[in-house]
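The values are calculated or read from the model by the stated rules, or taken from the named source; none is laboratory data. Predicted model, so just to flag it, every value in this text is computed and none were measured. Cβ coordinates were reconstructed from backbone atoms using ideal geometry, including for glycine residues, and neighbour counts include every protein chain displayed. Heads up: the accessible areas ignore ligands, DNA and RNA and are worked out on the full protein's heavy atoms, side chains in. Shrake-Rupley method; radii C 1.70, N 1.55, O 1.52, S 1.80 Å.
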Amino acid sequence: MAVYIILFVLLFALHCAFGNNKIAFCISAGVLLYALISLRSITLGVYDTSGIYLQNFNYVQSTSWNNIWTYKLPSQVAFLAITKFISLFSNNYQVYLAIIAIPIVVAVCNLIYKYSDEPLISFVSYISLYWLYSFFLLRQMLALSIIAYSVKYIYRRKPIQFAALVLAASAIHNTAIIFLIAYPFCRFVKFGYQNYFFILASFILTKFAPSIVTNYIGKYFPVQSSYISHGIYNSSGDFSAFGLVPPLAILVLAHIFKKNQSVKDDILFNLSTLSMVTYCFAFVVSDLYRLSIYFGLFNIILISKVFKKVKKTGSIDSVDFDNDEILLYIYVVLIIALIAYFLLRSVDNMNAMPYLFFWQN
């Protein structure tokens with residue numbers, strides 16, 4: 001617990017130190033997050049890092065490139081090839097983990113630097129909701145790092161470039177293909193109260209008619225269907241709905257307090273909606289919560305739109321909220337709530353408590 005508390009303290013200190021220097025704050029915050037990812041023990045996270053990915057790493061070191069290209073699971077070929085390439089320079093698994101973590105940290109820092117109106121709350125929300133996935137979802141986080149760059153092509157209305165990036169991400173992790181729906185949904189659906197209906201309808205469907213979802217998976221996703229039938233994916237239906245609370249709170253707050261909503265903001269509202277719609281499918285198959293991460297990452301930008309930039313002093317008291325004091329209170333409460341969510345729920349659910357450095361294995 002102490003390491004995570006120090007993380008937040010240092011994050012606030014960096015924010016105060018750099019004030020209005022956004023790029024310096026983003027870089028320094030990124031270095032801080034990266035250090036804790038790369039120095040972690042492989043036992044942190046659910047099981048993937050110490051099990052699946054360690055096994056893959058050992059496999060690629062002892063096999064040929066030809067075996068990589070003809071691997072029995074085509075969806076893993078690209079990731080195994082990347083792993084093979086890294087292993088040519090180092091056979092140390094900890095070094096490999098440090099290298100494979102670079103793209104997602106860079107992508108998140110770039111996303112916050114370019115699009116966040118209040119970087120501090122963006123980083124806090126990222127840590128609270130998504131950062132720990134980097135401890136164990138290595139392949140998906142690599143795919144997510146590509147997805148993070150694709151939003152600019154939704155903004156610019158460039159579907160070909162958008163699709164190219166999503167397809168590249170899906171070569172790393174095939175679930176990333178679901179992000180293709182983001183373009184038509186964000187371009188042709190204007191955010192409104194119907195978005196809440198989409199979320200509610202998904203909740204009702206997955207809670208009360210799960211067989212419809214499982215039949216669809218069985219028909220169009222045979223690999224995932226086999227995981228369900230063999231018990232690799234949990235389909236007990238006991239997945240917690242509490243994970244919907246943070247993104248729903250962000251969506252509602254942004255909807256209520258965001259002024260002068262732009263087309264770009266509308267896109268963020270729709271991405272947030274899709275994150276909750278896809279999260280609901282975890283009520284049928286628990287591992288499907290991972291689909292929501294592709295859309296949910298952009299919540300860290302949406303929540304920043306509620307608040308103005310921090311002035312050069314870097315003090316919370318100096319935040320300009322258009323003289324609306326209620327936003328100041330919401331800002332403080334939201335920061336506290338996100339930190340509490342991380343310390344009381346995220347670290348336990350993702351087996352990240354206590355934090356251990358790799359030399360403490």
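Brief remarks on what is shown
- Ligands, DNA and RNA excluded, the heavy atoms of D287 present near 30 Å² of accessible surface to a 1.4 Å solvent probe.
- Share of carbon and sulfur in the accessible area of region 3-49 stands at 81%, probe radius 1.4 Å.
- Exposed chymotrypsin sites (Phe, Trp or Tyr not before Pro) absent - longest run of the chain, DSSP non-H/G/I/E/B, at most 11 other C-beta within 10 Å: 194-361
- Each label was represented as a point 7 Å from its Cα along the Cα-to-Cβ direction; for N361 and M1 these points are 2.8 nm apart.
- Debye intensity ratio in log₁₀ form over the Cα atoms of region 46-164, taken at each q of 0.18, 0.23 Å⁻¹: -1.01, -1.28
- Sequence of R139, R40, R157 when ordered by accessible area, the most exposed leading, probe 1.4 angstrom: R157, R139, R40
- Stokes-Einstein diffusion of the chain at 37 °C, 0.692 mPa s viscosity, Kirkwood radius from Cα pairs, rounded to a whole number: 154 µm²/s.
- Between N66 and I52, the simple spin-label model (points 7 angstrom out along Cα→Cβ) gives 2.9 nm.
- With distances taken between every two different alpha-carbon atoms, region 99-138 has a Kirkwood hydrodynamic radius of 10.6 Å.
- Semi-axes of the equivalent ellipsoid for region 10-49, Cα gyration tensor, largest first, Å: 28, 9, 7
- Average accessible surface for the chain: 45 Å² per residue, computed with a 1.4 Å probe over protein heavy atoms with every protein chain in place.
- Members of K114/K305; K22/K158; K72/K207; K190/K258 lying beyond 24 Å, as alpha-carbon distances in this model show: K22/K158; K72/K207
- Label-to-label distance for L344 and A164 is 4.7 nm, based on points extended 7 Å past Cα in the beta-carbon direction.
- Couplings for region 196-201, taken from phi via the Karplus curve 6.51 cos²θ - 1.76 cosθ + 1.60 with θ = phi - 60°, read 5, 5, 4, 5, 5, 5 Hz in order; Gly and Pro are left as x.
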